[in-house]
Amino acid sequence: MNHYIKLVNFEVKRFSKLFLALIIAVVAAQIFGAIITSLHYVSNAETTMLRDQMTVSDYIQNYGAYSLQNFLFSEYFILSVVFAAALLMIYDFFIWYRDWLGKSSVIYRLLMLPTARRNVYFAKLTTILLFVFGLTGMQIILLEVVKQITQQIVPDQLWQADSVIYIYSTDILNLLYPQSPLLFVFYYVIGITAVAVIFTSILFERSYHLKGIFLALIYSVISVVIVMVPVIIQTITDYFYRNEIYLIVTGFSILTTALAIYLADYLLKRKINV
């Protein structure tokens, strides 16, 4: 356990500067976006009311009040979240290939440590999860900051305060913060499974090189099929309730993750020499 914690700490430190830069970029983009969208709304509202001789209530009735939803559906918010997710997805590959392709071939030193080689795998997987939860936690705080900024810009008469449940029911926030424990487990187990499959696919490529690319592709397809089996059955039979499908897919995803870990452990111990 001590070696595993040290490996996690090692991986976190290696990505910390890039992760900090990512947080700064997301924060800057969303705060800038909140200012721009709220100023644009106020400017349009004032221009329209002056031009058409409308009262505030008439404007709200025709065009709607400003709420946090206006920001959540803007490109500033959506693209910043997509950018962060894409960067973390790229890092799923970089976290392994950097160790092999770097000048000092760090992977060989990691695999020679007096600990089970699978701990290297678990440390990298844990690091990705820590950064995912770190970003989602930061986003909650950032939304409150954005709310305060927009409330300072938009006049009270044009501001509409949405409930927390309503705000977090938007599509993209519902993915990040599912509204039920079952959906939370479902989404994040799927995410963990995806990362585990990517990691094991990389180890196939590293173990068998050119042939490993084809093995990785075949393995990835098989993994996707295993996870999708309940969905395919449901499409054909329409037998299960939605929550039952979530539970079954979660179970198949856990099995797929277990298979990924088993294969990764085998490849690390038997096929990768140092």
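Scanning the stretch 1-26 for residues that are among the hydroxyl-bearing types (Ser, Thr, Tyr) and either within 27 Å of Leu79 (Cα to Cα) or surrounded by fewer than 16 Cβ atoms within 10 Å (Cβ to Cβ) (or both) yields one hit, Ser16. Residues of the stretch 99-139 that are modelled with pLDDT of 90 or more, out of contact with any helix residue (DSSP H, G or I) (no Cβ under 8 Å at 6 or more places or on another chain) and open to solvent by 70 Å² or more (accessible area, probe 1.4 Å): Phe133 alone. In the set Phe73, Phe32, only one residue is more than 20 Å from the chain's Cα centre (by Cα) and surrounded by fewer than 16 Cβ atoms within 10 Å (Cβ to Cβ); that residue is Phe32. Look through Ser67, Ser57, Ser43 and report the one residue that is modelled with pLDDT under 90, more than 30 Å from Met112 (Cα to Cα) and either surrounded by fewer than 16 Cβ atoms within 10 Å (Cβ to Cβ) or of a type in the set (A, V, I, L, M) (or both). Exactly one residue qualifies, and that residue is Ser57. Within the stretch 139-167, residues that are over 20 Å from Phe32 (Cα atoms) reach partners that are open to solvent by 50 Å² or more (accessible area, probe 1.4 Å) and hydroxyl-bearing (Ser, Thr, Tyr) with beta carbons closer than 9 Å, at six or more positions or on different chains, in the pairs Gln157/Ser57.
Taking every residue in the stretch 62-80 that is closer than 10 Å to Gln30 by Cβ and pairing it with any residue that is assigned to a loop (DSSP other than H, G, I, E, B) and among the hydrophobic types (A, V, I, L, M, F, W, C), at least 6 positions away or on another chain, yields no pair with a Cβ-Cβ distance below 8 Å. The set of residues in the stretch 250-274 that are open to solvent by less than 10 Å² (accessible area, probe 1.4 Å) and more than 21 Å from Arg117 (Cα to Cα) contains only Ser253. If you go through the stretch 81-101 and pick out every residue that is aliphatic (A, V, I, L, M) and free of Cβ contacts under 8 Å to residues at least 12 places away in the same chain, you end up with 6.
Condition check ((1) in contact with a strand residue (DSSP E or B) (Cβ under 6 Å, 6 or more places away or on another chain); (2) assigned to a helix (DSSP H, G or I); (3) closer than 17 Å to Tyr188 by Cα) across all residues:
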residue	(1), (2), (3)
Arg206	no, yes, no
Val221	no, yes, no
Met228	no, yes, yes
Tyr239	no, no, no
Ser253	no, yes, yes
Ala260	no, yes, yes
Ala264	no, yes, no
Leu267	no, yes, no
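If only residues of the stretch 168-190 that are more than 14 Å from the chain's Cα centre (by Cα) and not in a helix (DSSP H, G or I) are counted, the one that is surrounded by the fewest Cβ atoms within 10 Å (Cβ to Cβ) is Ser180.
Quick one: would you say Gln160 is open to solvent by 20 Å² or more (accessible area, probe 1.4 Å) and modelled with pLDDT under 90?
yes
Cβ-Cβ distance below 7 Å, separation of 6 or more or different chains: which pairs start in the stretch 195-224 with a residue that is surrounded by 13 or more Cβ atoms within 10 Å (Cβ to Cβ) and end on one that is of a type in the set (Asp, Glu) and in a helix (DSSP H, G or I)? Correct list of pairs: Val195/Asp92; Ile198/Asp92; Gly212/Glu205; Ile213/Glu205; Ala216/Glu205.
The values are calculated or read from the model by the stated rules, or taken from the named source; none is laboratory data. Model, not experiment: these values are computed from the prediction. With ideal geometry, Cβ positions are generated from the backbone for all residues, glycine too; neighbour counts draw on all protein chains shown. For the accessible areas, the whole protein counts, side chains as well, though only heavy atoms, and no ligand, DNA or RNA atoms are used. Shrake-Rupley method; radii C 1.70, N 1.55, O 1.52, S 1.80 Å.
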